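Okay, so here's the structure we're looking at.
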Amino acid sequence: MNSTAQVGRWYMRLDTGETFLVTGYDDKSRTIETQAINGDLDEIDEEIWSTLPLAFAEPPEDWSGAIDDADALDADGSIAPAEKILSPER
C-alpha cells in the first residue's frame, strides 16, 4: 500500500480495527486530518502515518457520523437527516 495519505479515502488501522476517513492535509504542520466514524476529528503527523499498519477500507454502511456537524445543518440551523445530506439533489 502506498504510504501517502489520500484525501477522501477510508482507511483501517490493522492493529486496532479503527476505520476513518482522511479529510485533509495540512502543509504547514505536515499532518493528515482524519475523521472517525463517530465524528471524532484527529490529526496524524506525516512521519507517524508512514509507520502505521493501514489498509484501504470500504466506506462503512452507515457513515453519516463521519459528516462534520457544520456540514449537516439545514438553513434553519437544525440538523439535516443523513439521507438529505448524502442526496445528490442537495
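Each value in this text was obtained by applying a stated rule to the coordinates, not by laboratory testing. For clarity, every value in this text was computed on a predicted model and none was experimentally measured.
Give me the extension gain from Ala36 to Asp62: residue separation times 0.36 nm, minus the current Cα-Cα distance, reported in nm with one decimal.
Full extension of this stretch gives 8.1 nm more.
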Original post:
Length gain on complete extension for the stretch Glu43 to Leu14, per 0.36 nm per residue less the alpha carbon to alpha carbon distance?
Top reply: 8.6 nm
